[in-house]
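Here it is: the structure, laid out below.
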Amino acid sequence: MRIDGKISLPLIDEIQAAGLTPLQLKESLVKRFREFVDIPNVSVIVMEANSFKVFVSGEVRNPGVVRLRSETSILQLIPMVGGFSEWANQRKILVIRKEGGKEKRLTVNYKRVVAGKDPNFIMKSGDTVIVP
């Protein structure tokens, strides 16, 4: 599945997959394939449920791609990458997020979130987290 939640297939081009159950997706595919095939035989197999990627780089112990399967906050994400390195600036974590085709840059103060002074920051699919 592409990042926009669609899949591309021969003949039918693209179809929305995100947000559909496997049965709903199968029904949508059968409907679209009927334009080209009399009795389409379609199987939908879920390889990974509700997963999305977040990219973490900078001053963390294990930078890289993290696959998330449920709502995850910055307080949960940092331990998943081994925590901060000793040089990390926990007050100026940069989150780069694409919304509406535009890049949005957000600064998160981890120390204030831990102290309860700022709300916990929830990660979204495709976020890039840079710890300076």
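Which one is farthest from Asn109 (Cα to Cα) among residues in region 55-88 that are in a loop (DSSP other than H, G, I, E, B) and either of a type in the set (Ser, Thr, Tyr) or touching a helix residue (DSSP H, G or I) at 6+ places or on another chain (Cβ under 9 Å) (or both)?
Ranking the qualifying residues of region 55-88, first place goes to Ser70.
Filter region 89-132 down to the residues that are hydroxyl-bearing (Ser, Thr, Tyr) and either in a loop (DSSP other than H, G, I, E, B) or surrounded by 15 or more Cβ atoms within 10 Å (Cβ to Cβ) (or both), then identify the one that is farthest from the chain's Cα centre (by Cα).
Looking at the filtered set, the residue picked out is Tyr110.
Being under 14 Å from the mean Cα position of the chain (by Cα), within 20 Å of Lys124 (Cα to Cα) and not charged (D, E, K, R) is the requirement here; does Val65 meet it?
yes
Quick one: count up the residues across region 48-66 that are at pLDDT below 95 and not hydrophobic (A, V, I, L, M, F, W, C).
Total meeting the criteria: 4.
When both residues are 6+ apart or on different chains and their Cβ atoms are under 6 Å apart, which pairs have a first residue that lies in region 27-48 and is closer than 20 Å to Met1 by Cα, and a second that is of a type in the set (D, E, K, R)?
These pairs meet every condition: Val42/Lys26; Val44/Lys26.
Results for (1) over 30 Å from Ile12 (Cβ atoms); (2) of a type in the set (Ser, Thr, Tyr); (3) not assigned by TED's automatic domain parsing to the domain that holds Pro10, shown as yes or no for each residue.
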| residue | (1), (2), (3) |
| --- | --- |
| Glu35 | no, no, no |
| Ile39 | no, no, no |
| Arg67 | no, no, yes |
| Pro79 | yes, no, yes |
| Gly100 | no, no, yes |
| Asn109 | yes, no, yes |
| Arg112 | yes, no, yes |
| Asp118 | yes, no, yes |
| Lys124 | no, no, yes |
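Could you grab me the full set of residues in region 25-47 that are among the aliphatic types (A, V, I, L, M) and surrounded by 14 or more Cβ atoms within 10 Å (Cβ to Cβ)? Reasoning before the result, please.
If we filter region 25-47 for residues that are among the aliphatic types (A, V, I, L, M), which is where we start, we get 25, 29-30, 37, 39, 42, 44-47.
Leu25, Leu29, Val30, Val42, Val44, listed by residue number.
Would you check which residues across region 2-35 are part of a loop (DSSP other than H, G, I, E, B), more than 24 Å from the chain's Cα centre (by Cα) and among the basic types (Lys, Arg) and list them? Walk me through how you get there before you give the answer.
Going residue by residue through region 2-35, those that are part of a loop (DSSP other than H, G, I, E, B) are 2-5, 10-12, 17-21, 34-35.
Now restrict to residues that are more than 24 Å from the chain's Cα centre (by Cα): 10-12, 34-35.
Scanning region 2-35 gives a single hit, Arg34.
Condition check: at pLDDT below 90 and among the polar types (S, T, N, Q). Does Ser43 satisfy that? Spell out the reasoning first.
Details: at pLDDT below 90: no; among the polar types (S, T, N, Q): yes.
Judged against the criteria, Ser43 is not a match.
Out of the residues in region 13-24 meeting the condition of being closer than 25 Å to Thr72 by Cβ and without any contact (Cβ under 8 Å) to a residue 24 or more places away in the chain, tell me which one is surrounded by the fewest Cβ atoms within 10 Å (Cβ to Cβ).
Here the answer is Gly19.
Also, quick follow-up: Taking only region 40-54 into account, find how many residues are part of a strand (DSSP E or B) and touching a helix residue (DSSP H, G or I) at 6+ places or on another chain (Cβ under 9 Å).
Qualifying residue count for the region: 1.
The values are calculated or read from the model by the stated rules, or taken from the named source; none is laboratory data. Computed from a predicted structure; not experimentally measured. Virtual Cβ from ideal backbone geometry, glycine too; neighbours counted across all protein chains shown.
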